[in-house]
Each structure stands twice: as structure tokens, then as C-alpha cells.
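Have a look at the structure below, then the notes.
The values are calculated or read from the model by the stated rules, or taken from the named source; none is laboratory data. All values derive from a computational prediction rather than experimental measurement. We place every Cβ from the backbone using ideal geometry, glycine too, and count neighbours over all the protein chains shown. Ligands, DNA and RNA are stripped out before the accessible areas are found, and what is left, the full protein with its side chains, is counted by its heavy atoms. Shrake-Rupley method; radii C 1.70, N 1.55, O 1.52, S 1.80 Å.
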Amino acid sequence: MTLTREDIAKYPFLADAAEEVRRVNLEIQSLDNPELESIIKRAANRIREALENNPPRVSYRKRQEDIEIPSFPVAIIMAASSGSNYIKRRYALGEAIRAYNLLIEEEREKILEVAKAFNWRIRQVKDIIGNRRFDFALSFIDYLRNTKPFHEERFKLVNKPLIKGDVYLTKREAARLLQEEVRKRIEDKLNMEIRLKLPDRLLNQIENLKRKYAGYKEKRILEEAPKEMIYEAFPPCIRQLLSAAKSGQHISHLGRFTLTSFLLNIGMKIQDIVDIFRSSSDFNERLTRYQIEHIAGSRGSGTKYIPPSCETLKTHGLCPDFEACGNVKHPLASYRRRMRTFKKE
Amino acid sequence: MNNTLFIHDRFAEFYKENASIIKPPSKISQREFGFFTFKKDIVIRHKGFLNVKDLRNYVKQIIPSHAYYSAAYYETPEESMEKKGWLGADLYFDIDADHIPTKCRKIHDTWKCKKCGFQGRGIAPAECPICSGRGFEERKWPCEICLESAKYEAIKLLDFLIDDFGFSHHEIQVSFSGHRGYHIQVESEKIRELDSSARKEIVDYITGTGLNPIYHGLQGTPRGRHVTSGPHMDEPGWRGRIARGTHEFLLSIRKEDLEDLSLKKKLIDEIISRREEILRSWEKEGPWSLIRGAGVETWKKIIGKAIESQSAIIDTVVTTDIHRLIRLPYTLHGKTGWLKTPIPAEKIEEFDPLSSAIAFKRGEATIYVEEAPEFRIGEETFGPYKNIKVELPLAAAIFLLCKDAAKVVD
């Protein structure tokens, strides 16, 4: 693959990371180098851009390869040593969106080159399916790997042309998937351990960023479970499972897990949940309690489980009404939202 | 002699002679094995074998009523679940007549209230109509219609795997499960490490879950009142399926079918009266823009029926479970005495489970049959029986005993 310096300035994550970092390490040790001043400034600025724009967006400075290229690994080191997950996530996304915006302006050949650098099984096509023209055919395996966090309907595999193992994509869609790949690669880099002793000047910069942007965000923790339980606010999936359990009907393993983990998470006591399953024909108190305690995290691996997402419930036929909860993606979120409207009334 | 002991002894004889046909999974040392035994409630899990000889000897020694291996590969399969070290898993599909709403179930499946003994047919109710008891013994019968409908789902699934997902025949292993369905396993380096959420997307693709036809060529005017175009039958993937399923639905359309979709009366009349024209339209652009007043939402309802018929009914939990235990090929199924039998994918159409999966080919046994519908084993048809003592070929006798429909006569 032939990458020009301009390419590396645009897509610095493609450069040999180890070599880049080694080089920057050396330079960081000699901070009096005046050239470095502008690199560090740009590095801090990259992070700041990601934190100040919404959605986060890092700019691209044309024809400044000498600063654009080395400022990237420096920014990585700075963001990583901030120790703030908020800064790390935000910065990774900012760089990924930067790459997306540059990619959609490129020729298809360049996109192909970048995709291949990530070992994608991809080829260029000029196929017309229906009346749409597609630019790339990508292995469904790579497709699934990179659409995992996407929730839009149009990115669901079932809504894509899939022929002989390849998903057909437009240029823009391929760039969107690459954005996700870039985001992951940068997040991985940011989570690597930094063993380097950084000069005070750099540490000060990092402290400033943290003070300014990461303060209150870090404190955000999961909403505490509300004290009271409102049956009327239960989403339809849970209501259905609950009434099936109470009338002793057979419920699938996943159904029982969903119901139990939901009730535990909204604060129901283990004994009360045991009682719900009492009408089941094969009820066994000891076993039921054991299973509930397992889901509650007081046994086994100690993991406290939450119910499956709406997506998963749909797949397994446990969502009785696809439209009832609007845009919500999780039964617990649906419950919280229903609680709010319920209280207003 | 009691039934369990009798079955156990026949299984023992079978494995003594035939353990060598048990087909080991690939990378046997990375798989977990599990067994049910005839001793009540004894389940053996987390077993590992270094080679097939040890596995076959073990089966001969413990005589399992059911034998399983993991679709997953582990570093140390004998450790507890958390410590096994998951390395990957084959992609697995289970098609079971249990999930297919065949009409014959109402005839041959029975249930019996555990409390008062009241009996009925079809799927067990939530509550016994006599004593309100909630526990039932259910007996599901693997009849020919059920087995055929399971096979039909398996064939549809194979089309998805080959045409859409691009797997080759040598990566796909089809088996008759030994009871009421088919197993389809994809073994390929490229899918081994797929996580559960990726497998879920594959399931959604095959079941048509979350499918929106507007991404498959259904186009309308901006507000969706009129449809301007739609997919065609010879197109690949879901586009073609939508068109073919819609064609099929409209081919045999009855007024009631459209009423079930809660379409407006005027629209129903129009579709019914222009049926011929609609069918002819497939030679060109299809019927999508033909019917006035049928907008995007109307077509989505009709396409919903197409998706139902074109998707494959699979057990969604099996495919998304990356630690699943799977019946071991060429072992006996404890509910039938039949073998789990591998079939070459291209031979599935002519495959006859009721001949090929029969394990016990010699001998007879006399049993007392309480109740059994007519059934076939190989070329021979038996029954129906009700409260009668009969001498049957061993395969037929074992089958009824395994189904708990008969008692051994000493």
C-alpha cells in the first residue's frame, strides 16, 4: 500500500503506531526543541476540539503534515494519561468523525485502501441492485463487526442487500463503517497502559483539560432505582411475562431471566419474586431462589444481571408490541420513561 | 421388567456393537461433552476427550440416553463455565417441529393432567379444565407431516446459508435430529469467533425480524399513499423473497386472508376482482403500482405475509447461545431410539428419517400399547393402537417405549 504524507496526515491512525510513539517518546524527552511546542499545542487542540464540538469533531489542517502527523500520537498519549473515560471516548469519536468527513470526499480507490489496511474483506463493485448503485461488497462478518453499536433500522443486516456472503454498500456507508473501525482502534490505543513519565508541562495541559471538561461528567452514575414500584409503568413485555408467571403458564428460560432481572433491577425483593413463580407446575422453592439469587449476583460469578435489550427480546419473540415503547431500547428505560409520564398524570 | 431398564439394555447392546459409528466433532479435545443417563436426573457435564477412541469407550461404558457435544471450542473444556476459556463456536441452527404450527399437532400430540389424569389433544392448556391443575405430561409425536414441514424449513434455511451468506456445501453439515427436526451446523474459520450479538443479526436475517420492505425496493410517493415500484421475483436476497412470497400469497388469495390483514373493504374487493391482472403483472414490473389506494402501509401488511412464508422457522435461542450443547451425530435419541443422522446438504430432499435414522434393525419385542396413532418405521406401517398387547419389530417397540406410550410385557 502506498500512503502519501498527505494521506497519513488525514488518517494518522494508519501509520505504524509503534514507530510513531517511539519517535515521539524521544522527542518528548527533549522538550526544549522549539518545533515540539507547536506539535504539543496542536495535540492539546485536537482533544479540545473533540470536547467542545457536539458531535465531537476534530479539524483537518491542510498542508501542515509536519504538525498534523506527529500531533496525533502526542494527543493519544495525552488523552490516555488523562485517565478520564469521558475524555478518551469523546476524543476517539472526534478523530473517527474527522476520518469519516475526509473519507467521503475521497475516490473509491482510497476508501478501499484504508479499508484494506484494517484487513477488511472488501472489493469494489459497480453493481446496480433494484435501481441503486453500489460501490463496495464487504464480507458480512466484517459488516457485523462494525455495525454492532449501530441502532438505525437501515443498518440492520436484514435490511441490506446480502449476496453470497457480501453486503453491498455505497461509498458513504462504507465510510460510516470505517468511522466505527477507526473509533475502536483509537479507543484501544487509549486504553493501553502508559508507562511513560511525562514532563510537567504536558501533565499541566492534561490537568487543564480534565478540570475544564471531565469534571461533572465523571460523576454521572446509573440512576438509582426508584423506591416505589408502579405496575402500570411496566413495559408490555414484562407485563405479559408477569401475568404468564402468575398464572403458572410455561415461560421460556430467557423469559424467566428477563422477568427476574427486570424485577430485581427495579428493586423487588428476592422473596417477592420467588412468590411470583409459585404457581408454576414444576415450582421448586429452593431451586427458584437459587436461580434468582444467581441473577441478583449474590451467587456464582457475582455478576448482577440486567434484562436483555429490546432488540434481543424482539429476536426471541418476547416483545409483544414493537411500537408500544417508541424509541426506547431497553425495558428498564421504557419503565423509567413510563414512570415519569405516570407521575405527571 | 420396567421400561427404562429394557431401553437401557437395548441401548447398551447397540453401543456395544456400533459405538464405532459415533462421529466425533472436529477438534475433539477443545469440545465439552455432556450426557444424560438412564438413572433418573443424572446429568454428566464438562467432560472432555482427547481422542475419539476414549469418547466411544466412554459411551459404551455409561450408556447415555442422550449424548451431546459443545458447538463451542474451549482451551480447557473440563473446567467450570467461567474458566473454560472460550475460543469460538460453530454456527448452529436447530429446526424443531415444536416451533412449527402444523395442523396435525391437534390430532397426535396429547397431554395428561398430572393431578387428576384428565387427557386432551394438541398443546396443553394453562390450566386443567377439570381440576385446575397446572402440571401436565405432554407427549409430542414425530409424525410424517411434522417431519416434512421441519424438512421444508431446513431447505429454506439452506437457501439462506448458501445464496445469501455464501457458505459452501462443504462448510455445512445437515443432520436429522433423531426426533422432530433437523440440525444445521456451519463450521468455518471465518464465523468461529462471531459473538452472540452478531449471531443474533444472522437470526434476524433468517427469520425476517426487523425487516422493512422500503430497504428492499418498495418505493412510494413521499407521503406513501401510492406505491411506485417494488422488488422483482428473480432478484437476489430478501428482495426476491419478498416478491416471490407476495406472488405466492396473491396466487391463492381468499377474501378472508385480506380481511385478516384488516384492509379496507373497497381495497379487498379491488384486489380480488383484479387477481388475474395482478398475476400477469409479475411478467413485467409486478403489481406494486397496479392497485389504486394500496399505499406503502397496505403493501407492508401484504409483504408481512410474504416474510412469514419465506423466512425459516429456527430456534432463535440455540443460534445465539455460544455455549450450546448439541446432540452427537450417530448417537441414540432417548425419546425415540432413533439416531441423529448426518445427511449431505444436497440430499436432504429425498432423505427419509423414518428409514435412515432407524438403529434397531433386528429382533422383536412384545409390548402393551396404551395409545399410539398410526406410525411408520422403514417400509412398514403400525397402529393405531389402543390398550393392546402386540409383538413388534424392535425398532417400533423401542420407539413406543421411549415415547412412554407402552409397557414391556415379560
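Filter segment A:308-329 down to the residues that are within 14 Å of chain B (Cβ to nearest Cβ) and of a type in the set (Asp, Glu), then identify the one that is least open to solvent (accessible area, probe 1.4 Å).
A:GLU311
The conditions are (1) more than 30 Å from B:GLU193 (Cα to Cα); (2) in contact with a His (Cβ under 9 Å, 6 or more places away or on another chain), and B:ARG327 fails exactly one of them. Which is it?
Here B:ARG327 meets the rest and fails (1).
Testing B:ILE130 on (1) in contact (Cβ under 8 Å) with a residue 12 or more places away in the chain; (2) within 11 Å of chain A (Cβ to nearest Cβ); (3) over 24 Å from B:TYR74 (Cα atoms); (4) exposed (fewer than 15 other Cβ atoms within 10 Å of the Cβ), one condition comes back false. Which one is that?
(2)
Filter segment B:312-364 down to the residues that are open to solvent by 20 Å² or more (accessible area, probe 1.4 Å), assigned to a strand (DSSP E or B) and free of Cβ contacts under 8 Å to residues at least 40 places away in the same chain and list them by number.
Scanning segment B:312-364 gives a single hit, B:GLU364.
Provide a single number: the residues in segment B:365-388 that are part of a strand (DSSP E or B) and either basic (Lys, Arg) or surrounded by 14 or more Cβ atoms within 10 Å (Cβ to Cβ) (or both).
Within segment B:365-388, the first condition is being part of a strand (DSSP E or B), and the residues that meet it are B:365-372, B:375-377, B:380-382, B:385-388.
From what is left, the residues that are either basic (Lys, Arg) or surrounded by 14 or more Cβ atoms within 10 Å (Cβ to Cβ) (or both) are B:365, B:367-372, B:375-377, B:382, B:385-386, B:388.
Result for segment B:365-388: 14.
Got a sec? Which of B:ILE303, B:ILE398 is at pLDDT 95 or above, over 21 Å from B:PHE14 (Cβ atoms) and crowded, with 22+ Cβ neighbours inside 10 Å?
On the way: B:ILE398 fails: over 21 Å from B:PHE14 (Cβ atoms).
Exactly one residue qualifies, and that residue is B:ILE303.
Identify, please: which residue in segment A:247-275 is touching a residue at least 40 places away in the same chain (Cβ under 8 Å) and in a loop (DSSP other than H, G, I, E, B) and is, among those, nearest to the other protein chains (Cβ to nearest Cβ)?
If we take residues in segment A:247-275 being touching a residue at least 40 places away in the same chain (Cβ under 8 Å) and in a loop (DSSP other than H, G, I, E, B), then A:SER252 is nearest to the other protein chains (Cβ to nearest Cβ).
Pick from segment A:152-183 the residues that are open to solvent by 20 Å² or more (accessible area, probe 1.4 Å) and out of contact with any helix residue (DSSP H, G or I) (no Cβ under 8 Å at 6 or more places or on another chain): which of them is nearest to the other protein chains (Cβ to nearest Cβ)?
Taking the candidates together, the pick is A:GLU152.
Tally up the residues in segment B:173-196 that are hydroxyl-bearing (Ser, Thr, Tyr) and either within 7 Å of another protein chain (Cβ to nearest Cβ) or surrounded by 18 or more Cβ atoms within 10 Å (Cβ to Cβ) (or both), please.
Of the residues in segment B:173-196, the ones hydroxyl-bearing (Ser, Thr, Tyr) are B:175, B:177, B:182, B:188, B:196.
Subset that is either within 7 Å of another protein chain (Cβ to nearest Cβ) or surrounded by 18 or more Cβ atoms within 10 Å (Cβ to Cβ) (or both): B:175, B:177, B:182.
Looking only at that region, the number is 3.
With (1) of a type in the set (Lys, Arg); (2) open to solvent by 20 Å² or more (accessible area, probe 1.4 Å); (3) within 18 Å of A:GLU181 (Cα to Cα) as the list, and A:ARG98 as the residue in question, which single condition is left unmet?
Here A:ARG98 meets the rest and fails (2).
Confirm whether B:GLU283 is open to solvent by 30 Å² or more (accessible area, probe 1.4 Å), part of a loop (DSSP other than H, G, I, E, B) and out of contact with any Ser or Thr (no Cβ under 7 Å at 6 or more places or on another chain). Outline the logic, then answer.
Working: open to solvent by 30 Å² or more (accessible area, probe 1.4 Å): yes; part of a loop (DSSP other than H, G, I, E, B): yes; out of contact with any Ser or Thr (no Cβ under 7 Å at 6 or more places or on another chain): yes.
Judged against the criteria, B:GLU283 is a match.
Which ones in segment B:197-243 are more than 8 Å from chain A (Cβ to nearest Cβ), under 29 Å from the mean Cα position of the chain (by Cα) and part of a helix (DSSP H, G or I)?
Those that are more than 8 Å from chain A (Cβ to nearest Cβ), under 29 Å from the mean Cα position of the chain (by Cα) and part of a helix (DSSP H, G or I): B:ARG199, B:ILE206, B:PRO213, B:GLY240, B:ARG241, B:ILE242, B:ALA243.
For A:LEU332, all conditions in the list (1) away from chain B (no Cβ under 14 Å); (2) loosely packed, with under 13 Cβ neighbours inside 10 Å hold save one; what is the number of the exception?
Condition (2) is where A:LEU332 drops out.
Where the second residue is surrounded by 11 or more Cβ atoms within 10 Å (Cβ to Cβ) and modelled with pLDDT of 90 or more and the first is hydrophobic (A, V, I, L, M, F, W, C) and lies in segment B:260-284, which pairs have Cβ atoms under 6 Å and are six or more apart or on separate chains?
As it stands, the answer is B:LEU261/B:LYS301; B:ILE278/B:LEU250; B:ILE278/B:PRO287; B:TRP282/B:HIS247, since those pairs meet every condition given.
Given the criterion open to solvent by 70 Å² or more (accessible area, probe 1.4 Å) and in contact with a Gly (Cβ under 9 Å, 6 or more places away or on another chain), identify the matching residue among A:ARG278, A:ARG256, A:ARG299, A:ARG286.
Details: A:ARG256 fails: in contact with a Gly (Cβ under 9 Å, 6 or more places away or on another chain); A:ARG299 fails: in contact with a Gly (Cβ under 9 Å, 6 or more places away or on another chain); A:ARG286 fails: in contact with a Gly (Cβ under 9 Å, 6 or more places away or on another chain).
So the residue among A:ARG278, A:ARG256, A:ARG299, A:ARG286 that is open to solvent by 70 Å² or more (accessible area, probe 1.4 Å) and in contact with a Gly (Cβ under 9 Å, 6 or more places away or on another chain) is A:ARG278.
Do we find a residue being open to solvent by less than 70 Å² (accessible area, probe 1.4 Å) and within 14 Å of chain A (Cβ to nearest Cβ) anywhere in segment B:140-151?
Of segment B:140-151, the ones open to solvent by less than 70 Å² (accessible area, probe 1.4 Å) are B:140-143, B:146-147, B:149-151.
Restricting the remaining residues to those that are within 14 Å of chain A (Cβ to nearest Cβ) gives B:140.
Within segment B:140-151, one or more residues are open to solvent by less than 70 Å² (accessible area, probe 1.4 Å) and within 14 Å of chain A (Cβ to nearest Cβ).
Could you list, in sequence order, the residues of segment A:75-87 that are surrounded by fewer than 24 Cβ atoms within 10 Å (Cβ to Cβ) and either over 20 Å from A:ASN191 (Cα atoms) or in contact with an Asp or Glu (Cβ under 9 Å, 6 or more places away or on another chain) (or both)?
If the condition is that a residue be surrounded by fewer than 24 Cβ atoms within 10 Å (Cβ to Cβ) and either over 20 Å from A:ASN191 (Cα atoms) or in contact with an Asp or Glu (Cβ under 9 Å, 6 or more places away or on another chain) (or both), then A:ALA80, A:SER82, A:SER84, A:ASN85, A:TYR86 are the ones that fit.
Quick test for you: out of B:ASP90, B:ASP94, pick the one residue that is open to solvent by less than 40 Å² (accessible area, probe 1.4 Å), in contact with a His (Cβ under 9 Å, 6 or more places away or on another chain) and not polar (S, T, N, Q).
On the way: B:ASP90 fails: in contact with a His (Cβ under 9 Å, 6 or more places away or on another chain).
Just a single option satisfies the conditions, and that option is B:ASP94.
Do we have A:ALA92 as assigned by TED's automatic domain parsing to the domain that holds A:GLY165 and farther than 22 Å from A:LYS160 by Cβ here? Can you show your working first?
Numbers: assigned by TED's automatic domain parsing to the domain that holds A:GLY165: no; farther than 22 Å from A:LYS160 by Cβ: yes.
When the stated conditions are applied, A:ALA92 does not pass them.
Picking from A:ILE141, A:ILE104, which residue would you name as being facing chain B (nearest Cβ under 10 Å), over 20 Å from B:HIS216 (Cβ atoms) and hydrophobic (A, V, I, L, M, F, W, C)?
Numbers: A:ILE104 fails: facing chain B (nearest Cβ under 10 Å).
Sole residue among the options that is facing chain B (nearest Cβ under 10 Å), over 20 Å from B:HIS216 (Cβ atoms) and hydrophobic (A, V, I, L, M, F, W, C): A:ILE141.
What is the one condition in (1) in contact with a helix residue (DSSP H, G or I) (Cβ under 7 Å, 6 or more places away or on another chain); (2) open to solvent by 70 Å² or more (accessible area, probe 1.4 Å) that B:GLU79 does not satisfy?
Checking B:GLU79 against (1) in contact with a helix residue (DSSP H, G or I) (Cβ under 7 Å, 6 or more places away or on another chain); (2) open to solvent by 70 Å² or more (accessible area, probe 1.4 Å), the one that fails is (1).
Please tell me if B:PHE136 is within 14 Å of another protein chain (Cβ to nearest Cβ) and either among the aliphatic types (A, V, I, L, M) or crowded, with 16+ Cβ neighbours inside 10 Å (or both).
Details: within 14 Å of another protein chain (Cβ to nearest Cβ): yes; either among the aliphatic types (A, V, I, L, M) or crowded, with 16+ Cβ neighbours inside 10 Å (or both): yes.
Against the criterion (within 14 Å of another protein chain (Cβ to nearest Cβ) and either among the aliphatic types (A, V, I, L, M) or crowded, with 16+ Cβ neighbours inside 10 Å (or both)), B:PHE136 qualifies.
Of everything in segment A:265-275 that's farther than 20 Å from A:LYS314 by Cβ and open to solvent by 20 Å² or more (accessible area, probe 1.4 Å), which residue is nearest to the chain's Cα centre (by Cα)?
Step one: list which residues in segment A:265-275 are farther than 20 Å from A:LYS314 by Cβ, which gives A:266-275.
Narrowing further to those that are open to solvent by 20 Å² or more (accessible area, probe 1.4 Å): A:267-272, A:275.
Working: A:GLY267: 27, A:MET268: 30, A:LYS269: 32, A:ILE270: 32, A:GLN271: 36, A:ASP272: 35, A:ASP275: 38 Å.
Only one residue fits best here, namely A:GLY267.
Please go through segment B:311-347 and pick out each residue that is of a type in the set (S, T, N, Q) and within 12 Å of chain A (Cβ to nearest Cβ).
Filtering segment B:311-347 for residues of a type in the set (S, T, N, Q) gives B:311, B:316, B:319-320, B:331, B:336, B:341.
Matches in segment B:311-347: B:SER311, B:THR316, B:THR319, B:THR320.
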